[in-house]
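The structure appears below as structure tokens.
Just so it is clear, none of the values below were taken in a lab; they were calculated from the coordinates. Everything numeric in this text was worked out from a predicted model, so none of it was measured. Glycine also receives a Cβ, built like all others from the backbone with ideal geometry; neighbour counts cover every protein chain displayed.
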Amino acid sequence: MVSSALTALTVPGTAKASTSAESYTVWHWNVAGNTLNHGSATNGMVRAAVASIVARGASFVSFNELCINQYQALVTGLRNAGWPADGANFARFVVTYPATSGGPCSGKDYGNAIFSKQPLGAAERISLPDDGKTEKRKMLCAPLEARPRLRFCSTHTTYVDAYRSSQLNAVLRKLEAYHANGDTVVIAGDFNLQPNSARLDGYYSSTLNTPNNRGNTGRYRELDDADPNDCPGYGELTVSTPDSKGACGTGTKLDMIFAREDKITGTYSGDSLAPPTTCATNPGGLCSDHRVLLGAVTLS
């Protein structure tokens, strides 16, 4: 069942004490900014997002499928709500489909975004292997200005099956390069695969071994991967309309928040939030075909 509260969990055998550990709340949403919201910044989606970010006390925020005017409205809305500590330096955008006549978002730029309650440093915009589509998939990362070894990233990888592995591998290589450089990284996004896909075995830690997700060889934990009440190893659905799919038949999960397990201190948790239904211009008022994914983690 999708809950509104976070369940705290401990990384088995991997938690490490750290005097510099800090706790963070991560908020991610694929908002279908063009597909469902038709590029509108005034139909209720932006308002619902701002209200949720503030109410949930988010530290980091990730958006997929966002139109540039929606991004600008989010910047204004979050600033007016008093959410960022520095209203001038808390948001970054990456274009995946540039403005063009006949393109998405009524011809405006389209892409992904990250926001941070604390000021951000310079962003890095990494191109992923080309999948042959007009939209060029990217990975967007930025460090905290005051803690430059802590980076937050967002990505939205391809649905084109022949290119899934190459894009996922490129993202993982970049995460590991950051780690080798001494950085702690959290990444959120729509990975267009379910957690029990073999293509994600290199992400999920080998310490994660459940009937719903096994054979893993990686070093990362997904913040909703160990809740004993919601398909352990898989997590809660992130599509807006419940279905009978997923490892436990409780719904499809495509959105994830990963952190390297050796950087996690103590407990971590995840939750899938029911989507807002206040976007009157959309069928059923649904503001997106995805749910918000919320995670809490303490990182060294």
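Results, tabulated for the structure shown:
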{"quantity": "Residues W27, W83 arranged by fewest to most Cβ contacts within 10 Å", "calculated": "W83, W27"}
{"quantity": "Cα convex hull volume per residue for region 178-269 (Å³)", "calculated": "94 Å³"}
{"quantity": "FRET efficiency, E124 to T217 (Cβ-Cβ, R0 25 Å, nearest 0.05)", "calculated": "0.40"}
{"quantity": "Exposure proxy ranking, count of Cβ atoms within 10 Å, fewest first, for K253, K174, K133, K263", "calculated": "K133, K174, K263, K253"}
{"quantity": "Stretch gain in nm, segment A274-T210, where the contour uses 0.36 nm per residue and the Cα spacing is subtracted", "calculated": "20.5 nm"}
{"quantity": "Top of N229, N34, N196 by mean-square fluctuation, Gaussian network on the chain, Cα under 10 Å", "calculated": "N229"}
{"quantity": "Cα gyration tensor, region 62-211 - rounded (a/c under 1.5), prolate or oblate", "calculated": "oblate"}
{"quantity": "Cys residues of the chain counted as unpaired, since no other Cys beta-carbon is under 4.7 Å", "calculated": "none"}
{"quantity": "Under 26 Å, Cα to Cα: Lys pairs in region 9-299, sequence gap 8 or more or different chains", "calculated": "20"}
{"quantity": "Calculated [θ] (222 nm, deg cm²/dmol) that DSSP helices of n ≥ 4 give over the chain, each run adding -39,500 (n - 2.57)", "calculated": "-5000 deg cm²/dmol"}
{"quantity": "Separation in nanometres of the label points that stand 7 Å from Cα toward Cβ, at A162 and N80", "calculated": "4.7 nm"}
{"quantity": "Relative contact order of region 67-220, defined on C-alpha pairs under 8 angstrom at six or more residues apart (%)", "calculated": "15 percent"}
{"quantity": "Ranked list, fewest to most other Cβ atoms within 10 Å of each Cβ, for C105, C287", "calculated": "C105, C287"}
{"quantity": "Square roots of 5 times each gyration tensor eigenvalue, C-alpha, the chain, largest first, Å", "calculated": "27, 22, 20"}
